[in-house]
Ligand SMILES: NC(=O)c1ccc[n+]([C@@H]2O[C@H](COP(=O)([O-])OP(=O)(O)OC[C@H]3O[C@@H](n4cnc5c(N)ncnc54)[C@H](OP(=O)(O)O)[C@@H]3O)[C@@H](O)[C@H]2O)c1
């Protein structure tokens, strides 16, 4: 029998890609909130994360072997303007999922972020002291410690990913590709750095870590630290799009935006050492993104 995996935030960018990647080898259940979706080969169910009792009942019926918690309030702007909601969704709901998982002794993967540091140092490793600069970062940091207190065997995955999105949820790479394909100019920051990973690789790595029964905090990011501007340029070259439409801009000039770390790059050395391999640089992941489109994944997601 196929192992059963329950993914919260089921309508989100990460969860849908996770489900598509695993649906042949796992029995996948996408746990939905407001948005209802239908995905071939995948079970979907409305799941109330607000109550531990409801979650315990649902786990009893759904009988997952693994729980992946991706549900979150992911808009940095929305978190800043609605800090109570951000605390509730990002911290309380994550704690509820951890409590229900702990009751059944289920392996739990909690998805966190690279948005946890001041942003003045590069390629930080897992033991680095966290120091978030905005509400999104603070709530994601609180969630990490609450989840690990409740479920010490959980895996907390700090990451920053991209891949093909849906009609209603565009990834960073979608935004760039869509703009350039429709001949629109766009500005990308040359002074914001990160270590992006293709969702396909992220999911692969998490499942390798699960097979190794790992627990604790892991930086699952790509091998290369890059600016958002350089990422856009590489993406445009991979897809033979017009790089002259991309202008280099400075985040430092954007006084009206919510404060963000300028350098979100994380080191994946610990994970590479555990797996005995590299996770891939930006060009290798972009060529896989391109291949996914050629194989029809982008089209499939657009139909959702
Ligand atoms: N996207 C990135 O590049 C990135 C980078 C670093 C870390 N992350 C982390 O990765 C995870 C997944 O991100 P994503 O981009 O895939 O998210 P997303 O596309 O924004 O989706 C968020 C999901 O959370 C659900 N949700 C929101 N409020 C909820 C509530 N009250 N109860 C239950 N579910 C609720 C949403 O459902 P409804 O739409 O139905 O409300 C949606 O399915 C998050 O933990 C995020 O912090 C993302």
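The values are calculated or read from the model by the stated rules, or taken from the named source; none is laboratory data. The structure presented is a predicted model; accordingly, all values stated were derived computationally and were not measured. Every residue, glycine as well, gets a Cβ built from its backbone with ideal geometry; the counts of neighbours run over all protein chains shown.
Worth pointing out:
The rows are residues; the columns are (1) at pLDDT 95 or above; (2) out of contact with any strand residue (DSSP E or B) (no Cβ under 8 Å at 6 or more places or on another chain); (3) within 23 Å of residue 153 (Cα to Cα).
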site	(1), (2), (3)
25	yes, yes, no
34	yes, yes, no
63	yes, no, yes
86	yes, yes, no
103	yes, yes, yes
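- Restricting attention to region 130-143, the residues being within 30 Å of residue 39 (Cα to Cα) and either out of contact with any helix residue (DSSP H, G or I) (no Cβ under 8 Å at 6 or more places or on another chain) or more than 9 Å from the ligand (Cβ to nearest atom) (or both) number 0.
- Where residue 164 falls short, out of the listed (1) in contact (Cβ under 8 Å) with a residue 60 or more places away in the chain; (2) more than 30 Å from residue 290 (Cα to Cα): (2)
- Conditions (1) out of contact with any helix residue (DSSP H, G or I) (no Cβ under 9 Å at 6 or more places or on another chain); (2) more than 12 Å from the ligand (Cβ to nearest atom); (3) not in a loop (DSSP other than H, G, I, E, B); number of the one not met by residue 175: (2)
- The selection criterion, being within 16 Å of the ligand (Cβ to nearest atom) and loosely packed, with under 15 Cβ neighbours inside 10 Å, holds for residue 167.
- Among residues of region 6-35 that are at positive phi, those with a beta-carbon under 7 Å from a residue that is buried (at least 21 other Cβ atoms within 10 Å of the Cβ) and at pLDDT 95 or above at least six positions away or on a different chain give the pairs 9/15; 9/70; 9/71; 9/72.
- Filter pass, residue 170 being under 26 Å from residue 295 (Cβ atoms) and outside any strand (DSSP E or B): yes
- Of all residues in region 94-111, those that are without any contact (Cβ under 8 Å) to a residue 60 or more places away in the chain have Cβ atoms under 6 Å from Cβ atoms of residues that are part of a loop (DSSP other than H, G, I, E, B), 6 or more apart or on another chain, in 96/49; 98/151; 101/151; 102/151; 108/151; 108/154; 110/154.
- Lone unmet requirement of (1) within 11 Å of the ligand (Cβ to nearest atom); (2) touching a residue at least 60 places away in the same chain (Cβ under 8 Å) for residue 39: (1)
- Residues of region 60-116 satisfying the condition of being surrounded by 15 or more Cβ atoms within 10 Å (Cβ to Cβ) and under 20 Å from residue 170 (Cβ atoms): 70, 71, 72, 73, 74, 76, 78, 79, 111, 113, 114, 115
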